[in-house]
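Before any comments, here is the structure.
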Amino acid sequence: MDDCIAHVEVTNPTTPAQCRWHAVADLSALRHAALNAILDSATLAIQQHGQFHLVISGGETPREIYRQLRTAHSVWSAWHIYFSDERCLPPTDANRNSRMAAEAWLDHVPIPAAQLHIIPGELGASQAARVYAATLYTVGMFDLVLLGLGEDGHTASLFPKHEWGSAPDAPDTLAVLDAPKPPPQRVSLSAARLSRSRQVVFLVAGESKHGAVSEWRNGKNIPAQAIAPAAGVDVLVESALLLPLSV
């Protein structure tokens, strides 16, 4: 991570040691750093074991990163794409994470269709979670997981006051039937499954995330802190979000 971004690494005595905060100047710098991190991770994984297993997220922050990946040079035939979560909507709905990623990136690069592992949200949360759990059954460690942070501290579709699947024996997927944001039905990878990755990178941008960042850094039990891979997590964050909240 240090080789691919220009950042000030910020430490905080209340922040767990496994959480590394990388401050970047603005959203453009964050996207540039994330793009380099993805491509560096892909190169390393392909060199080491011939495949790159990447979990991607939805939202506005990564959309431009995905667009920039269209013109990147990589061994696309070695990429395997998974999704951290999905809304239970028709496959062509613009609010689907898979639809956004396809339009921004995946429809424009030669990753084999069989290696695009899409959550079938149109089946409804319970059935889609079962189907996707079967998809993940033979998948070992992910190489890289990309996640965002919501205003309430949620990540993927793991929300406060809901089940996060943090226990070591938690299922790989969770059916979310009453999400606090529409649509209520979603499928999410569990915190335990997201943590089974060689690298986890959070992308955090936008003034609305200031409170969630402050809570996370001050040790509040929010969903994002439940992602705890052995190698720790890296958080790419706009530097303004690390300043104390104004009263």
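Pairs are defined by a Cβ separation below 8 Å, a sequence spacing of at least 6 or placement on different chains, a first member in region 33-45 that is in a helix (DSSP H, G or I), and a second member that is of a type in the set (Phe, Trp, Tyr); the pairs so defined are Ser41/Phe52; Ala42/Phe52; Ala42/Trp79; Ala45/Phe52. All of (1) open to solvent by 40 Å² or more (accessible area, probe 1.4 Å); (2) in contact with a Ser or Thr (Cβ under 6 Å, 6 or more places away or on another chain) hold for Arg99 with one exception: (2).
In region 2-11, is there at least one residue being at pLDDT 95 or above, open to solvent by 10 Å² or more (accessible area, probe 1.4 Å) and acidic (Asp, Glu)? Scanning region 2-11, I find no residue that is at pLDDT 95 or above, open to solvent by 10 Å² or more (accessible area, probe 1.4 Å) and acidic (Asp, Glu), so the answer is no.
Identify all residues within region 75-95 that are farther than 22 Å from Asp178 by Cα and assigned to a strand (DSSP E or B); write none if there are none. Once the filter is applied, which keeps residues that are farther than 22 Å from Asp178 by Cα and assigned to a strand (DSSP E or B), region 75-95 yields Trp79, His80, Ile81, Tyr82. Annotation note: of Ser77, Ser41, Ser84, the sole residue that is modelled with pLDDT of 95 or more, among the hydroxyl-bearing types (Ser, Thr, Tyr) and under 24 Å from Gly150 (Cα atoms) is Ser84. If you go through region 47-65 and pick out every residue that is part of a helix (DSSP H, G or I) and within 20 Å of the chain's Cα centre (by Cα), you end up with 6. Applying the criterion of being in a helix (DSSP H, G or I), in contact with a Leu (Cβ under 9 Å, 6 or more places away or on another chain) and open to solvent by less than 50 Å² (accessible area, probe 1.4 Å) to the residues of region 102-125, the residue that is farthest from Leu54 (Cα to Cα) is Ala125. Which number in (1) more than 13 Å from the chain's Cα centre (by Cα); (2) modelled with pLDDT under 95 marks the one condition that Gln68 misses? Evaluating Gln68 over (1) more than 13 Å from the chain's Cα centre (by Cα); (2) modelled with pLDDT under 95 leaves (2) as the failure. The numbered conditions (1) among the hydrophobic types (A, V, I, L, M, F, W, C); (2) at pLDDT below 95; (3) open to solvent by less than 20 Å² (accessible area, probe 1.4 Å) are all true for Ala17 except (3). When Ser157, Ser195, Ser214, Ser208 are checked against the criterion of being open to solvent by 10 Å² or more (accessible area, probe 1.4 Å), in contact (Cβ under 8 Å) with a residue 24 or more places away in the chain and closer than 28 Å to Met141 by Cβ, Ser195 stands alone in meeting it.
The set of residues in region 65-86 being of a type in the set (D, E, K, R) and either open to solvent by 60 Å² or more (accessible area, probe 1.4 Å) or in contact with a Cys (Cβ under 7 Å, 6 or more places away or on another chain) (or both) consists of Arg67, Arg70.
For the condition touching a residue at least 40 places away in the same chain (Cβ under 8 Å), in a helix (DSSP H, G or I) and not aliphatic (A, V, I, L, M), Ser98 does not qualify. Would you confirm, using the coordinates I've provided, whether Leu174 is open to solvent by 10 Å² or more (accessible area, probe 1.4 Å), without any contact (Cβ under 8 Å) to a residue 60 or more places away in the chain and in a strand (DSSP E or B)? The answer is yes for Leu174.
Each residue in region 237-246 was checked for being surrounded by 14 or more Cβ atoms within 10 Å (Cβ to Cβ) and either closer than 11 Å to Cys19 by Cα or free of Cβ contacts under 8 Å to residues at least 12 places away in the same chain (or both), and 0 of them qualify.
Would you check if Pro184 is within 16 Å of Gln127 (Cα to Cα), open to solvent by 10 Å² or more (accessible area, probe 1.4 Å) and either in contact with a strand residue (DSSP E or B) (Cβ under 7 Å, 6 or more places away or on another chain) or modelled with pLDDT of 95 or more (or both)? Yes: the conditions hold for Pro184.
The values are calculated or read from the model by the stated rules, or taken from the named source; none is laboratory data. This one's a predicted model, so the numbers in the text were calculated from it and none came from an experiment. Quick reminder, even Gly has a Cβ in these numbers, built from the backbone with ideal geometry, and neighbours come from all protein chains shown. For the accessible areas, the whole protein counts, side chains as well, though only heavy atoms, and no ligand, DNA or RNA atoms are used. Shrake-Rupley method; radii C 1.70, N 1.55, O 1.52, S 1.80 Å.
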